[in-house]
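Here's the structure, in structure tokens; my notes come after.
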Amino acid sequence: MAPSEGAPGLPRAEALPPTGHHPRPDAWGKVLGQTRYVGDLSLPGMLHAALVTSNRASARVRALELSAARSLPEVVAVLTAADVPGANSVGVIFPDQPLLAVDRVRMVGERLALVAARSREAAAAAVGAVRVELDPLPSVHDPVAALAPGAPLVHEGGNLIRTFQVVRGDVARHFRRATVVFEAEYRIGGQEHAYLEPQGCLAVPEGRQRVTVYASCQCPFYVQQAVARVLGLSLAAVRVIQTPTGGGFGGKEDYPSEPAACAALLAWHTGLPVRLVYSRETDMQLSSKRHAMVVRHRWGADGAGKLCFAEVETFMDAGAYVGLSTVVAERANVSAIGPYHVPAVRVRTHVVYTNNLFGGAFRGFGAPQVTVAGEATMDALARRLGLDPVEFRRRNVLDDRRRTTCTGTRLERPVLARQCLERAVELAATTPPVAAGRGEKVGTGVGLVLYGCNLHHGGQRLDRSSAVVILQPDGSVVVRVGLTEMGQGLLVAVQTVAAQALGVPPEAVEVCLPDTSTVADSGPTVASRGALAAGRAVLDAVRRLRRRLDPVAAELLHCPPRQVELLGGHARVRGEPERAVPIAQVAAEMAARRIEAIATGWYRSRPRRFDAASGQGGAYDFYAVACHLAQVVVDAELGLVRVARVVAVHDVGRVLHRPALEGQIHGGIVQGMGWATSERLAVREGRLENPSFTDYVIPTASDAPVVEIEAIEGAAGRGPWGSKGIGEPSLIPTPAAVRNAVCDALGIELFELPLVPPVIVAALGQRHPFAWLREQPADEGVGVR
Amino acid sequence: MDLPIRRLLRPRDPEEAVELLARYPGALPVAGGTDLVVQLRSGKVSAETLVDLGGVGLEGIAEGAEGLVIGAATTMDAIAADGRIRAGWPALAQAASQVGAWPIQCRATLGGNLANASPAADTAPPLLIANAQLRLLSSRGTRLVPLAEFFLGPGRSVRTPEEIILSVTLPPRTLPAHATLYERFTKVGPRREQIISVVSLAARLVVAGDGSVGEVALAVGAVAPTPRRARRAEAVLAGRRLTGPVRRDAIAALQEELAPIDDVRAPAWYRRVAAAVLLDRFLAEVAGG
Amino acid sequence: MAEPVRVRLRLNGELREFSVPPGRRLLDLLREDAGLTGTKEGCGAGECGACTVLLNGRPVTSCLVLAASCDGCEVTTVEGLLAATGEPHPVQRALVEAGGVQCGFCTPGLAVTGAAIIARGVGKAPERSRLISGNLCRCTGYLTVLEALERAGGAADGAE
């Protein structure tokens, strides 16, 4: 069965429209400085909000003295938990997190009070005037230590939130046949999203009956739910409009509900518009982060170089509140084995409370961490077997013959993992290797990922999407979707799909950012699902619109409605392209006859079964594979890593818009590379010591590697025209490839991330020419937790 | 958000500037602001009054009797581009082109970099090996201070609150016949551009016609409470040939002059290792010819 | 009580006069007093470059410049990159065409620095890369941005 058949609403392969390459519809506004982000919006009488937060990771709140702050000039409101009319609760899945602390704080940055004032200066002064007295309580700052008996409890019920498992095959039996067994513990640091636009929102009240919230966000529906809950309003009374969003990467998936609920609460109390925009320092300390993880491996392979068994135990540092941690764990759990055939597997993924930074969604969503570990272990096993790392992967990667994953899913054919690997190696060989200068060593490494597209089974209930298509009387088109644009290209993807479905040029299609009053809940823009979910809903809407459009066109063309095709701005008779009328004429005719030219569309994924206890079943709807090959140059004396080149080969299903695809891959590679080499979160007792771009070091233009991309369209996914999703696969393999390349360059094995210079120099131990200068032994004093 | 200051004064010449500093106790001079504004915003520093030095005429590079005179308000960008500095004091030009990123370099001034007195100030090591002299002005007159005596500790210098730096003078240097000059500034940080130094080295070495070391000047930054000359390492090298053992001894001597700390940017031991690498590489480059 | 200062400057070619608190940053004068919200605040500490404007033709991070220091100066923001004819600056056109705009938040500052790089006539890619390194971008991975700068440099040369 050809991949594109059997999926409703998708055209046959030979009818696929060409890949888009036109400029993004939002690009001009942005480059001219005309696009208005939420911090650029203001309304008469608008107040500025600020937060009073805890500077301790664990404490009892003894006193909160507000009178001095309240009496300052220009201060309009100072609110605490007592002022919450609805539920004092945020937390997208689990109700363990207050909007405002009552008597206990569990993380640095926990909110104690909210301030609204007529100027930002007055708000800051009010924050400074609130007297907070905290009695420190014991705190815990390591996810493994948090599970030890006697560890301080973050919440009453214990520090283990949940353990997820994958159990398949008999590990003990396969352990006995292994020739080589490798054990390791990987300590993998978290990551800060570092979107250029800080968190921000603007809440506009209408009495106490309703509120409109403008938010920089990836899911206006989460914001709507949180604000409704906090204010005790119905969902319909809360309207959330996504503003142009300056980057998200997962950091604006659920987190924006917190500042939005704060601003809405202040607006509800004061009756005035309230804008809350975080400073960079506040954003870095308070907002969610990629989870730091400890990943323990025991993997084995036989003499023929085939994997026998794999045991993984992962400890995820969730921080003080669950947030999305259990969902991140679901992906980390089933991704821990990678795209390999392993007869026996046991994975346990523990989600653990600590008093550290708040762990949440970040591009890759648990997969990058376990992939770094998995690909590192693959290299380690290869080395011990005397095999080239690529050859070892060749022997073990899933393919058309052995295509059952560790969750018992039989992947659809063709499985392109081996092709991606081979193509990456071939492309890398076409240019000479990078030259090494004095003191430099060059290395190559690969990273492979089997990526579950769209939401995990655990998130199925969110996997639906709503669209509205309005054909204007002049033939232009307005499209409304529920998925968000945050720079990844959602607007251009939807524009492209809608234009192709309606046969009009892209410039004729205007796509709006989501507004909860105009489309139904479409879930979050995450899991690389944007183009898929929005695109499929748009195709559905177009299908419904055509039930009314095609008969009108058919009349104008004097043909049966089923012969009508839409192409090149015209309605045409299929097979007779010279019999055509402009779509604008059809639209005008529909308007003149008062025929409904607006249609809604709906998408939802097919239900599937999954057993959480064993991790067996349909974890994801379908899968994509990718291989990144990295060439690095390591200054072996200073421990500095330069990523010179990355070859990225992706199983994409179908390229909807080539520049958008490449943009995602470039960006994912550089963001992944930053996490692997320089982005260290320096956390001490729950406090982030480097909450600034000065000391949280992300790549600059001078760090960008050469990137070569190959997109393979051979295995259709369930997105429009068979596309699969690129947002996360574009990042996941790079950190693994970079780590492996660094190890290859230096001839050592590294078990922590990021690979900042002190880590590398320490790992070189006595091999470093100036090892005699070091006062401390190799495994201390590096301070990268 | 506005900075919490009450008053900003804009004198038209240096004498008026120092007269204002004397009149308003606690007032701070500001030029490019690339350090001071950050500190005022974070609350690390506070002041009611700022005295803006942007309009007092202290930019410019001129040749004087004592050497090349760089006005204190000259920006890093101007220094990095100046042909005389690139030719005669290449370490300074290199350092100026590596202070922050380009938009910072277009605003940050030489005087500000020195007055801020960070142990990691990038222009300090090149100026130390150049034996730079600072001219300071107060309402009581001017005084000359060798840069080697200027820094007292992290954020502290001999400049009193009522003084401003007028200029930095680079004494002329001559190269003996048949001698070869090597001069370089390098800094180490967690990525290639826009970094605060974890360690920096300014090195100048003249190799005489017979292959021995004529003059040598070494200065390091970010590895001690102040930027400093590495005089012990210099003493090991002076007059010697750059054999392997001599180079190793110089590196060991350098270590004795370092007092690095652990901070969020790097642990102390790494700073020691990186300093050794930078000196080793410089000496290897010289020895390699 | 803070003593307001008078600031006169030529802003995007137009003579403007403002009375502002002494602690006002140029960034806030532009965004609030002048209503030009194209220039963004990404960090407030001069590290990300989103607030870059041209001050007397040189790129500066306006979050670190006091408005009062700009008396008598020329300031160009992203809004002022347009030619007198209303044509976008070559670097703006190049960014759009090369796919160098994703979320767009870094874009105004980056376009301004890019315009300064073009004006300086920088011909070599490594130098362009160094000069643009003060403008952080988290979305594009910089490759299309660097391509845009190269194209715009060529376009500017071609226009002469």
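Checked against the criteria, A:VAL519 does not count as over 27 Å from the mean Cα position of the chain (by Cα) and open to solvent by less than 50 Å² (accessible area, probe 1.4 Å).
Where residues in segment C:86-122 are away from chain A (no Cβ under 14 Å) and either in a loop (DSSP other than H, G, I, E, B) or out of contact with any helix residue (DSSP H, G or I) (no Cβ under 7 Å at 6 or more places or on another chain) (or both), which of them is farthest from B:CYS106 (Cα to Cα)? For segment C:86-122, the residue satisfying everything is C:GLY121.
Going through (1) touching a Phe, Trp or Tyr at 6+ places or on another chain (Cβ under 8 Å); (2) outside any strand (DSSP E or B) one by one, A:TYR623 falls short only on (2).
Those strands (runs of 3 or more DSSP E) of segment B:27-91 in which 1 or more residues are of a type outside the set (A, V, I, L, M, F, W, C) and more than 21 Å from B:PRO4 (Cβ to Cβ) occupy B:61-64, B:67-71. Considering (1) under 21 Å from the mean Cα position of the chain (by Cα); (2) more than 14 Å from chain C (Cβ to nearest Cβ), the lone condition that A:GLU710 does not fulfil carries the number (1). In segment A:284-301, the residues that are under 12 Å from A:PRO691 (Cα atoms) and among the polar types (S, T, N, Q) form Cβ pairs under 6 Å with partners that are modelled with pLDDT of 95 or more and part of a strand (DSSP E or B), at six or more places apart or across chains, as follows: A:GLN285/A:LEU688.
Show me the strands (runs of 3 or more DSSP E) found entirely inside segment A:174-234 where at least 3 residues are surrounded by fewer than 24 Cβ atoms within 10 Å (Cβ to Cβ).
Qualifying strands (runs of 3 or more DSSP E): A:180-188, A:200-206.
Screening B:ILE85 against (1) over 17 Å from B:ARG204 (Cβ atoms); (2) under 16 Å from the mean Cα position of the chain (by Cα) leaves a single unmet condition, (1).
Applying the criterion of being touching a residue at least 40 places away in the same chain (Cβ under 8 Å) and surrounded by 24 or more Cβ atoms within 10 Å (Cβ to Cβ) to the residues of segment C:91-104, the residue that is nearest to C:TYR142 (Cα to Cα) is C:GLY100. Has segment B:186-203 got at least one residue that is away from every other protein chain (no Cβ under 14 Å) and of a type outside the set (A, V, I, L, M)? There is no residue in segment B:186-203 that is away from every other protein chain (no Cβ under 14 Å) and of a type outside the set (A, V, I, L, M). Among the conditions (1) assigned to a loop (DSSP other than H, G, I, E, B); (2) surrounded by 16 or more Cβ atoms within 10 Å (Cβ to Cβ); (3) modelled with pLDDT under 95, A:THR484 misses just one, which is (3). When segment A:450-469 is examined, which residues are found to be of a type outside the set (Gly, Ala, Ser) and open to solvent by less than 10 Å² (accessible area, probe 1.4 Å)? Residues satisfying the conditions are A:TYR451, A:CYS453, A:ASN454, A:ASP463, A:VAL469.
Set side by side, the residues A:ILE698, A:ILE726 differ, and just one is away from every other protein chain (no Cβ under 11 Å), in a loop (DSSP other than H, G, I, E, B) and among the β-branched types (Val, Ile, Thr), which is A:ILE726. Within segment B:98-110, not a single residue is on the phi > 0 side of the Ramachandran plot, open to solvent by 40 Å² or more (accessible area, probe 1.4 Å) and under 16 Å from the mean Cα position of the chain (by Cα).
The residues of segment A:376-414 that are farther than 16 Å from A:LYS306 by Cβ and part of a loop (DSSP other than H, G, I, E, B), listed by number, are A:ASP400, A:THR405, A:THR407, A:GLY408, A:THR409, A:LEU411, A:GLU412, A:ARG413, A:PRO414. Return the residues of segment B:252-273 that are more than 8 Å from chain A (Cβ to nearest Cβ) and under 23 Å from A:ALA763 (Cα atoms); say none if nothing qualifies. Those that are more than 8 Å from chain A (Cβ to nearest Cβ) and under 23 Å from A:ALA763 (Cα atoms): B:ALA252, B:PRO260, B:ILE261, B:ASP263, B:ALA268, B:ARG271. Mind listing just one residue for me: the one in segment C:123-146 that is part of a helix (DSSP H, G or I) and either touching a residue at least 40 places away in the same chain (Cβ under 8 Å) or assigned by TED's automatic domain parsing to the domain that holds C:THR61 (or both) and, of those, farthest from B:GLN98 (Cα to Cα)? Residue satisfying both the conditions and the ranking: C:THR144. Of A:PRO551, A:PRO582, all but one fail to be over 36 Å from the mean Cα position of the chain (by Cα) and without any contact (Cβ under 8 Å) to a residue 60 or more places away in the chain; the exception is A:PRO551. For segment A:235-244, filtering for residues that are outside any helix (DSSP H, G or I) and either of a type in the set (Gly, Ala, Ser) or open to solvent by less than 60 Å² (accessible area, probe 1.4 Å) (or both) leaves 6. Of all residues in segment C:60-74, those satisfying the criterion of being touching a helix residue (DSSP H, G or I) at 6+ places or on another chain (Cβ under 7 Å) and either touching a residue at least 60 places away in the same chain (Cβ under 8 Å) or at the interface with chain A (Cβ under 7 Å from one of its Cβ atoms) (or both) are C:THR61, C:ALA67, C:CYS70. Restricted to segment A:78-121, and to residues that are open to solvent by 10 Å² or more (accessible area, probe 1.4 Å) and of a type in the set (Gly, Ala, Ser), which residue is modelled with the lowest pLDDT? Among them, the one singled out is A:GLY91. Looking at segment C:20-85, the strands (runs of 3 or more DSSP E) lying wholly inside it that each contain 2 or more residues that are surrounded by 24 or more Cβ atoms within 10 Å (Cβ to Cβ) sit at C:52-55, C:58-61.
Between A:ARG593, A:ARG604, A:ARG642, the distinction of being within 14 Å of chain C (Cβ to nearest Cβ), open to solvent by 10 Å² or more (accessible area, probe 1.4 Å) and at pLDDT 95 or above belongs to A:ARG642 only. Residues being away from chain C (no Cβ under 14 Å) and surrounded by fewer than 24 Cβ atoms within 10 Å (Cβ to Cβ) are entirely absent from segment A:658-678. Of the residues making up segment A:329-360, those that are under 19 Å from A:ALA624 (Cβ atoms) and either β-branched (Val, Ile, Thr) or not in a helix (DSSP H, G or I) (or both) are A:VAL334, A:ALA336, A:ILE337, A:GLY338, A:PRO339, A:TYR340, A:HIS341.
Looking at A:LEU153, A:LEU160 in this structure, which one is open to solvent by 60 Å² or more (accessible area, probe 1.4 Å), in contact with a Leu (Cβ under 7 Å, 6 or more places away or on another chain) and more than 21 Å from A:TRP299 (Cβ to Cβ)?
A:LEU160
Filtered by the rule that a residue be among the basic types (Lys, Arg) and touching a strand residue (DSSP E or B) at 6+ places or on another chain (Cβ under 6 Å), segment B:114-158 gives B:ARG135, B:ARG143.
The values are calculated or read from the model by the stated rules, or taken from the named source; none is laboratory data. Model, not experiment: these values are computed from the prediction. Here Cβ is always computed from backbone atoms with ideal geometry, including for glycine, and neighbour counts include all displayed protein chains. The protein model used for the area step is the full one, side chains on, heavy atoms only, and it has no ligands, DNA or RNA in it. Shrake-Rupley method; radii C 1.70, N 1.55, O 1.52, S 1.80 Å.
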